[in-house]
Protein chains: 2
Amino acid sequence: MNRLLFFFALFFGISLSYAQRTTTLSLTKYVNPFIGTENGGNVFLGAAVPFGMVKLGPDCGKNDNNSGYYKEGNINGFSHTHVSGTGGGAKYGNILLMPTTGKVQFENIGSLRSNEICAPGYYAVSLDRYKIKAALTATHSVGLHSYTFPAKTKGNILVDAGHFLEFGKDWGESQEFVGSEINIVSDREVSGYSRVRGGWNKGGAYTVYFHLIFDTPFDQCGTWSNGVLFDKIRTQPDVGNKTGAYFTFKPKPNNNIKVKVGISFVSTGKAKLNVEKETSGWDFNAVRKQADDSWNKQLEKIKVAGGNENHKTMLYSALYHSMLMPTNKTGENSLWKTNEPYYDDYYAIWDTYRTTHPLLTIINPAVQRDMIRSMIDIYRFDGYMPDARSGNVNGRTQGGSNCDIVIADAFVKGLKGIDYATAFKAMIKNAEVPPGGNEQKEGRGGIPDYNTLGYVSTDYERAGTRTVEYAACDYAIATLAKGLGENDLYEKYLKRSSNWKNLWRPVESFGAKGFIWPKKKNGTWDENFNTLQPGSWNDFFYESQSWELSLYVPHDPSGLIEMCGGAKAFESRLDTFFEKSKTNDRGWMDFYNVNNEPGFMTPLLYNYIGKPEKSNERIRQILDKYFSATRGGLPGNDDSGAMSSWLAFQLMGFYPVAGQDIYLITAPQFSKIAVQLEKQKTFEITAKNWSLKNIYVQSAILNGRPIYQSWFRHADIKDGGKLELVMGEKKSAWATGNPPPSM
Amino acid sequence: MNRLLFFFALFFGISLSYAQRTTTLSLTKYVNPFIGTENGGNVFLGAAVPFGMVKLGPDCGKNDNNSGYYKEGNINGFSHTHVSGTGGGAKYGNILLMPTTGKVQFENIGSLRSNEICAPGYYAVSLDRYKIKAALTATHSVGLHSYTFPAKTKGNILVDAGHFLEFGKDWGESQEFVGSEINIVSDREVSGYSRVRGGWNKGGAYTVYFHLIFDTPFDQCGTWSNGVLFDKIRTQPDVGNKTGAYFTFKPKPNNNIKVKVGISFVSTGKAKLNVEKETSGWDFNAVRKQADDSWNKQLEKIKVAGGNENHKTMLYSALYHSMLMPTNKTGENSLWKTNEPYYDDYYAIWDTYRTTHPLLTIINPAVQRDMIRSMIDIYRFDGYMPDARSGNVNGRTQGGSNCDIVIADAFVKGLKGIDYATAFKAMIKNAEVPPGGNEQKEGRGGIPDYNTLGYVSTDYERAGTRTVEYAACDYAIATLAKGLGENDLYEKYLKRSSNWKNLWRPVESFGAKGFIWPKKKNGTWDENFNTLQPGSWNDFFYESQSWELSLYVPHDPSGLIEMCGGAKAFESRLDTFFEKSKTNDRGWMDFYNVNNEPGFMTPLLYNYIGKPEKSNERIRQILDKYFSATRGGLPGNDDSGAMSSWLAFQLMGFYPVAGQDIYLITAPQFSKIAVQLEKQKTFEITAKNWSLKNIYVQSAILNGRPIYQSWFRHADIKDGGKLELVMGEKKSAWATGNPPPSM
């Protein structure tokens, strides 16, 4: 049996028994965690379990890397908290350990590296300066370090409670130090904390507590505070200084020291409890295997056959990167007492609502449910659901209140165990109650305008992005209102969801007519604007320009097509959009910008004019041009797995319209795909005659019945389903009619 | 030398030498901390130093007393944090110790009491149930307990980290438990924390850390968690349970156990540092003397002669009660790193801006400066200056953004060391940026209305209170604008400060015409309203009615007099207001409500129509009727010393118009008063011919020059000054002209 055939037999063989099904497959070998570490992907690199609180990895260079890692230069140590894929200023990088040799010093201790290895739940490297081999693995709340010092050499281990990532200083998005404390409690134990504020989300102070255990009693110790070393002094209370401790160890036969570091966002006592509960003994490989198993359990929810190895690597790496964040902090909430789950590091839902949450809804609905419950609980106690949240503080909102769409998505897909009535209240609050003071924190900035004028005027920043996102979010509210029998509210928000049209100006640009355009409070257009003008926080569009954002009406593509002048004009416009896409001399992509979330669905819009084969072609062009199984294989910020989950869907050949129970069909990059759903149900996609040349769908059978449309509903697959595609080399007449539903 | 003469000689004797001046007088003996413990005064009772972080006192009854203390029933223990004089739901009551005897139990341990004694910095009581004598004293951050157990009896001490005051459950203003932790670190030391949220200000979670040291090693110990006792178990990490620890002590000769409890809002390490820094050894009386000295140092800033003993007790008790809060938490800020002072427990500035802060400006300008710097720092890092703030979280705003007036008050009085430019930005933010989401948190709720319509419409709660307070606050902004040379802004806010007139409706009530009245957004009056309709959070007036609040225009009494129909009509209206004052059948005071801050200045308004003798009469009537040197001697919530500081000014016979450099003269209750200012300067008031009958000012000499007006400026006294009044039995023609300045 050749390997492919074996794979196929294993996945799709004759009615797998339960025992077989629960066998863990080794899919982690297809994960390359380095994908996205270059080219601005900013993914976390290190050891973590899915949604793990500890993300233990190297902090490199000048502490000015967004997620700690940088491909070259010094490693300054290994810290326990990171975000993944984010842009802007850094967050976390707390409680850093660094092994050294020689005279104890705690500044300028970085080392060049070699033999760097990373796999799910595992990281290893040689620190050339000290000839130390370091290996890391993790449980949910504990980092396990293994440091092998050169033979017969005294080893030092530094514990830096004052360390954090500082990237973003120049533009006010850096973290700022608040305080730290360290306490050597025995000859094997240390506890303390690091307290930091700020960072990209401009959040208030958060505290990372730790309790650390060495496997070997140290020989000597000391602490430092505010740059001064204190030999033998075992405590540095928090007086607002950066503190740390050093430990030296006598050489021993294998000269290996292991350290377990329990982390908590509640207290040092809870950090100690986390160490005790999650680890026993010192078997590094056992902990590593446990981490590997936890990833395999997630990865095996999608099984593929056919396709090339690179695509398989891209798929499983994408799944891996989609499940590093948000962080499951259930039991680690220091803000209120609750029985609800608690997730932090939504970073940002504006990024992840499009594909990350819909992916979880399919392959991990329990986690998706828990995340939504946490959002609702955050509303209950903090006042608003988050758009972004990190370090226990909401902020910053990028475009809209896109959690609205996450909730509508769960609702239309029948996700159980969610208090939708309270969620609806939280959504109405988003829509009606101005967040005030800091309008980047939560809710909807500029809604006094939006709710009276029907658009956000140029009096407010990001007026264009806000208007189109609010319209999409209003459709989500309408969706929930309808489902909950709130008919008046349904009518109200359905009407509002067309508000994007209030900024639609019939100007022409490169043959296309009609663009989202800045409008003043008095109703006149801002003449000082053009369709390719890019923007950021203080501008009309956030991370976008009008060519891109004028194609963003995910809830009403039909309405958009009509505003654009009908199907033909729309097709021509899309063609221009993709074909003129290029990086301009400011480094910004004009027209289609592959790494930008507002354009995530745009390549699929051909489906809405009966040309799914063109969506298919665009996707293939995009995958070939911008994505690969290499370190630079993501074309920009992964944004908490947003880009990765987008990639995963495109590789599987279907795409979720978030907030609606609709998936758009393009064509898979594999001949067979099995998606494990809840309750042992499976959604299978088979692509008959699949080959590198046969990229066009000729016909499709859904659950045994031929379909002549390029979409299906969540209801079609949620209790198990089968999509059988027949592929061919030439374009077909399949699905030219019956476009996907639209508003 | 009789006692009075001695007193006089001591205070006013021939040019006191420096050595004499620095001698600490024992004025604490005139303080009766029990004043205000009954009749709703809600003052803190226990041991504390001025503005101390530790306020160590008994928590009584069912933990449902606002400030912990209740005159009778059980004492449940002694906790370290309290507020003083507040209304609404309780705050604090953290880290409670209780000595017991017999079998260890940690529920239903309360004891009846006898021999209760309280003095500044000292509290003692006998716990009848256990025959234990308890005495308490405090430094700034440390509570020192002395427990004397019955002879030959084993003593228990319980340390409850889960305790807090719960008053306010029924109406949503109670505190809520978040978590706690306890850790017995040696046979004499315990550390841990209590984490609680909510309370009157509906604040987020705050954490009170402690480090406790016994003077005697305990014999046995154990902990509890979630109601279950664990003998010998020394640690209870925070898993969201209420935790505590017990300790038993073998009998010893004196059978006295002392305990020092360091408190910190930063960490257990900082709590330990606080114990070590602020205390050494176990000399209870030395610590008590130190606390007593710190109070004397404050009290001796005002020295009086003549007058009766009750008035002296009332004066010094009032000064004492005015300096329990806000809490100086400099060095205890866990939210940001700063070199600025940090004060918490502004509770609320709406109460204290009127007399408490002006009192500090005179007798403790350094503290007043530091408080203002802390408000500005809170704006820098939290976004808004507080109106109220407790447990490190802003909220709730009662009426306006009255910190604006505190800053204007400091500015016009020439207080140095304040960054007025940044303060001005913070004031402008109050006035211009809607606080959003939770409009009770900070800033000005309803300003979209106020800034467009010129009044807060009935769309918003507290529209009447807000409109009149915003007008007063706008005058404060105009004051600062003028001083900073911002002429356009001066004009803008000066104009706005007349906005109260936009709610003035020419209706009649009991012979008076013109009242602040609810107005709808469309400009029509709300007909469903009357002039005595009381209100609270959700109503038109906060803690007030229109008869009261229509007389609240502190920045423009002349404008108010004009709107009321001139001096005669105004006098008649004031007479009605005071003479019809009575408690209605709902328990609310109609017309003049002595315990309500908006009416603080109203008795003085006769000064503005040239009848200071009538202000004087009203004040005397009010003092006689509502104030005394007894437990019920304050006529309602002391509100962080607001009522007490009002009383202090009235006893001294002059009254500050907050935000303006004006003091109104009535007549002193003492024949001589010396107020110590900065730089060894003194402001002296002498009342020649003073007697109980001679209550009317006949003539006045200010700094050597006769004055014919019932007011003076801060500039007249700030570098030292002397006001010489001549008193007489009959009304005089003194100061019938030249009314105090008005807007």
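If I ignore ligands, DNA and RNA and count only protein heavy atoms, how much of A:Asp624 is accessible to a 1.4 Å probe, in Å² to the nearest 10?
Surface accessible to solvent at A:Asp624 totals approximately 120 Å².
Do any trypsin sites (Lys or Arg not before Pro) in segment B:64-132 lie in a DSSP loop with no more than 13 other beta carbon atoms within 10 Å, and if so, which?
Sites meeting the loop and neighbour criteria: B:Lys103.
So how far, in whole Å, is the C-alpha centre of segment B:322-369 from the one of segment A:450-505?
45 Å
Please work out how much length the chain gains when fully extended from B:Lys62 to B:Lys693, using 0.36 nm per residue of separation minus the C-alpha to C-alpha distance, in nm with one decimal.
222.4 nm
Simple spin-label model, 7 Å along Cα-to-Cβ: B:Thr583 to B:Lys625 in nm?
That separation, rounded to one decimal, is 1.3 nm.
Would you give the gap between the C-alpha center of segment A:608-647 and the C-alpha center of segment A:273-296, rounded to a whole Å?
Computed from Cα coordinates, the inter-centre distance equals 35 Å.
Taking each label point as 7 Å beyond Cα in the direction of the beta carbon, state the distances from A:Asp128 to the same residue in the other copies, shortest first, in nm.
For A:Asp128, the inter-copy label distances come out at 8.2 nm.
Rounded to the nearest 0.05, what FRET efficiency do B:Leu229 and A:Thr422 have when you use their Cβ-Cβ distance and R0 = 51 Å?
0.85
Extension gain A:Lys154-A:Glu72, at 0.36 nm per residue separation less the Cα-Cα distance, in nm?
Using 0.36 nm per residue and subtracting the Cα-Cα distance, I get 26.8 nm.
Using a Förster radius of 45 Å, what is the FRET efficiency between A:Glu678 and A:Ser509 based on their Cβ-Cβ separation? Nearest 0.05, please. Could you put the intermediate results ahead of the total?
Numbers: r = 47 Å, r/R0 = 1.04.
FRET efficiency, A:Glu678 to A:Ser509: 0.45.
Mind checking the alpha-carbon convex hull of segment B:41-192 and giving the volume per residue in Å³?
In segment B:41-192, the Cα convex hull volume per residue is 116 Å³.
Place the label 7 angstrom along Cα→C-beta at B:Asp459 and in each other copy, then list the distances from the first to the rest in nm, shortest first.
1.1
Heads up, I need the accessible area for A:Val433: 1.4 angstrom probe, whole protein in place, Å², nearest 10.
My reading of the accessible area for A:Val433 is about 50 Å².
Within 10 Å of each candidate Cβ there may be at most 13 other Cβ atoms; applying that plus a DSSP loop requirement, which trypsin sites (Lys or Arg not before Pro) in segment B:232-332 survive?
Those that pass, being in a loop and sparsely packed, are B:Lys232.
What ranking of B:His140, A:His714 comes out by heavy-atom accessible area, probe 1.4 Å, highest first?
Most to least solvent-accessible, the answer reads B:His140, A:His714.
Got a sec? Which residues of segment A:437-452 lose 20 Å² or more of accessible surface with every protein chain in place, vs. that chain alone, 1.4 Å probe?
At a threshold of 20 Å² (probe 1.4 Å), the residues of segment A:437-452 that become less exposed are A:Gly437.
Just from its helices, what would the mean residue ellipticity at 222 nm be for the protein assembly as shown, if runs of 4 or more DSSP H residues each count -39500 (n - 2.57) and the sum is divided by every residue, rounded to the nearest 500 deg cm²/dmol? Display every interim value, and only then the final one.
Details: 37 runs with 398 residues, N = 1486.
Result for the protein assembly as shown: -8000 deg cm²/dmol, rounded to the nearest 500.
In nm to one decimal, list the spacings between the A:Glu432 label point and its equivalents in the other copies, with label points set 7 Å along Cα to Cβ, shortest first.
Distances to the matching label points in the other copies: 3.0 nm.
Which whole number of Å³ per residue matches the convex hull of the alpha-carbon atoms in segment B:428-522?
Convex hull volume per residue, Cα atoms: 103 Å³.
Could you bin all the Cα-Cα distances of the protein assembly as shown into 20 Å bins starting at 0 and give me the percent of pairs in each, rounded to whole numbers?
9, 32, 33, 19, 5, 0
What's the total accessible area buried between chains A and B, using a 1.4 Å probe, rounded to the nearest 100 Å²?
The buried area between A and B, both sides summed, comes to about 2200 Å².
Quick one: order A:Thr458, B:Thr397 from most to least accessible surface, probe 1.4 Å. Don't jump to the answer; show the numbers that get you there.
Working: A:Thr458 55, B:Thr397 5 Å².
Descending order: A:Thr458, B:Thr397.
Taking Cα pairs under 8 Å and at least six residues apart, what relative contact order does segment A:484-620 come out at, in percent? List each step's numbers first, then the result.
Details: 151 pairs, mean separation 22.4, N = 137.
16 percent.
Need one number: nm distance between label points at A:Ser558 and B:Ala733, each 7 Å from Cα along Cα→Cβ, rounded to one decimal.
The modelled label-to-label distance comes out at 9.2 nm.
Name the residues of segment A:322-345 whose accessible area, probed at 1.4 Å, falls by at least 30 Å² once all protein chains are in place instead of their chain on its own?
A:Ser334, A:Leu335, A:Lys337
Can you pull the percent of segment A:619-743's accessible area that's carbon plus sulfur, 1.4 Å probe, other chains left in place?
47 percent
Using alpha carbons only, how many angstrom separate the centre of segment A:149-185 from the centre of segment A:517-563?
44 Å
Could you quickly flag the chain B residue whose beta carbon comes closest to the rotation axis taking B to A, and that distance in whole angstrom?
Taking Cβ atoms only, the nearest residue and its distance are B:Gly436, 1.
Using a 1.4 Å probe and counting only protein heavy atoms, arrange A:Ile665, A:Ile418 so the residue with the most accessible area comes first.
A:Ile418, A:Ile665
Where does the longest stretch of chain B lie that holds no GluC sites (Glu not before Pro) found in a DSSP loop with 13 or fewer other Cβ atoms within 10 Å?
Between the exposed loop sites, the longest stretch runs B:108-526.
How crowded by other chains is A:175-185, given as the mean number of beta carbons from other chains within 10 Å of each beta carbon?
3
Treat each spin label as a single point 7 Å out from the Cα along the C-beta direction, and report the A:Glu276 to B:Tyr708 distance in nm.
Between A:Glu276 and B:Tyr708, the label points sit 8.4 nm apart.
What trypsin sites (Lys or Arg not before Pro) does segment B:378-476 have in DSSP loop regions with at most 14 other beta carbons within 10 Å?
Taking segment B:378-476 and a limit of 14 other Cβ atoms within 10 Å, the loop trypsin sites (Lys or Arg not before Pro) found are B:Lys416.
How much area per residue is accessible in segment A:220-315 when the probe is 1.4 Å and only protein heavy atoms are counted (Å²)?
41 Å²
At a threshold of 8 angstrom on Cα-Cα distance, excluding pairs fewer than six apart, so keeping six or more, what relative contact order does chain B reach in percent?
Contact order relative to length: 12 percent.
From the C-alpha coordinates alone, can you work out the Kirkwood hydrodynamic radius of chain A, in Å?
After inverting the pairwise mean of 1/r, the radius is 26.6 Å.
Which FRET efficiency value, to the nearest 0.05, do you get for A:Lys169 and A:Glu491 by plugging their Cβ-Cβ distance into 1/(1 + (r/R0)^6) with R0 = 41 Å?
Here the calculated transfer efficiency is 0.25.
Under 8 Å for C-alpha pairs, at least 6 residues apart: give me the relative contact order for segment B:682-743, rounded to a whole percent.
48 percent
Based on the alpha carbon coordinates of segment A:469-513, what radius of gyration and maximum Cα-Cα distance (Dmax) apply, in Å?
Reported Rg and Dmax, both Å: 14.0, 45.
Considering the convex hull of the alpha carbon atoms of segment B:540-618, report its projected area averaged over all viewing directions, in nm², one decimal.
About 5.2 nm², averaged over all directions.
Roughly to the nearest percent, how much of the accessible area of segment A:486-534 is carbon and sulfur, given a 1.4 Å probe?
Taking all protein chains in place, segment A:486-534 shows 45 percent carbon and sulfur surface.
Based on the alpha-carbon set only, what is the convex hull volume of segment B:546-669 divided per residue, in Å³? Before the final figure, lay out the partial values.
Values: hull volume 13.3 nm³, N = 124.
Convex hull of Cα atoms, per residue: 107 Å³.
The values are calculated or read from the model by the stated rules, or taken from the named source; none is laboratory data. These numbers come from a predicted model, not from an experiment. Counting neighbours? That spans all protein chains shown, and the Cβs are built from the backbone with ideal geometry, glycine included. Accessible surface is based on the protein model in full, side chains and every heavy atom, while ligands, DNA and RNA are left aside. Shrake-Rupley method; radii C 1.70, N 1.55, O 1.52, S 1.80 Å.
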